[in-house]
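Beneath this line is the structure, given in structure tokens, with notes to follow.
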Amino acid sequence: MNWYLLYTASRAEKLVEQRLKAEGIETYLPLHLSPRRWSDRVALIELPLFSSYIFVRTTDEILRGLVRINGVSRIVFYDARPAIIKPTEIDSIKLFVENAKGKSCTFGLNDEVQIACGPLKNIDGTVTKVGKEYVILQLAQIGIFVSVKFNQVVKIAR
């Protein structure tokens with residue numbers, strides 16, 4: 001038995017997991033907590049770490065029949081064969097999820113961050129203001145202030 005990867009319909013990962021378990025298939029759906037804002041509150045909800053993907057541990061013969069399950073779009077292939085995920089990779093994902101549990105990535109004033117993408121990629125900055133979706137950074141290297149989305153910066157560990 002090997003670990004394989006299935007591609008699911010959008011936002012159907014949890015339902016697919018339930019259906020696969022009902023069929024007796026071993027699954028792994030890594031989840032993380034993410035804040036979601038509604039008009040009256042903010043709540044933490046569990047979201048898949050990899051959107052539209054679920055890991056299954058089964059035989060090659062049974063795997064091919066899983067596409068009939070509602071919500072499974074297709075089997076992920078690599079080199080014209082179903083992609084086999086090494087058990088060590090599954091263990092690494094489990095370890096990462098366990099280590100990240102309960103931790104959050106929030107930004108505070110004077111935090112040192114690095115821009116991770118876009119035209120200013122790899123430039124370091126200091127947080128001067130924190131908004132709802134953006135942070136204002138002072139980029140000392142080039143002497144300007146910029147507004148950057150949260151998901152485009154990473155904290156610098158020092």
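General remarks:
- Taking amide hydrogens as placed 1.01 Å from N in the peptide plane, the amide H of Ile85 sits under 5 Å from those of Trp3, Tyr4, each at least 5 positions away in sequence or on another chain.
- Its Cα centre serving as origin, region 59-157 has a Cβ charge dipole (Lys and Arg +1, Asp and Glu -1) of approximately 300 debye.
- Applying a threshold of 23 Å to the alpha-carbon distances of Lys132/Lys155; Lys14/Lys121; Lys14/Lys132; Lys94/Lys121 flags Lys14/Lys121; Lys14/Lys132; Lys94/Lys121 as lying beyond it.
- Per-residue ³J(HN,Hα) for region 131-141, Karplus 6.51 cos²θ - 1.76 cosθ + 1.60, θ = phi - 60°, Hz, x for Gly and Pro: x, 6, 10, 10, 10, 9, 10, 9, 9, 5, 4
- Note on Rg and Dmax of the Cα atoms in Å: of the candidates [x] 20.1, 61; [y] 17.2, 66; [z] 16.8, 50, the value calculated from this structure sits at [x].
Any read-out appearing in this document is the output of simple, stated calculations on the displayed coordinates, not a laboratory observation. Keep in mind the model is a prediction, meaning the values are calculated, not measured. Positions of Cβ are generated from backbone atoms using ideal geometry, with glycine treated the same way; all protein chains shown enter the neighbour counts.
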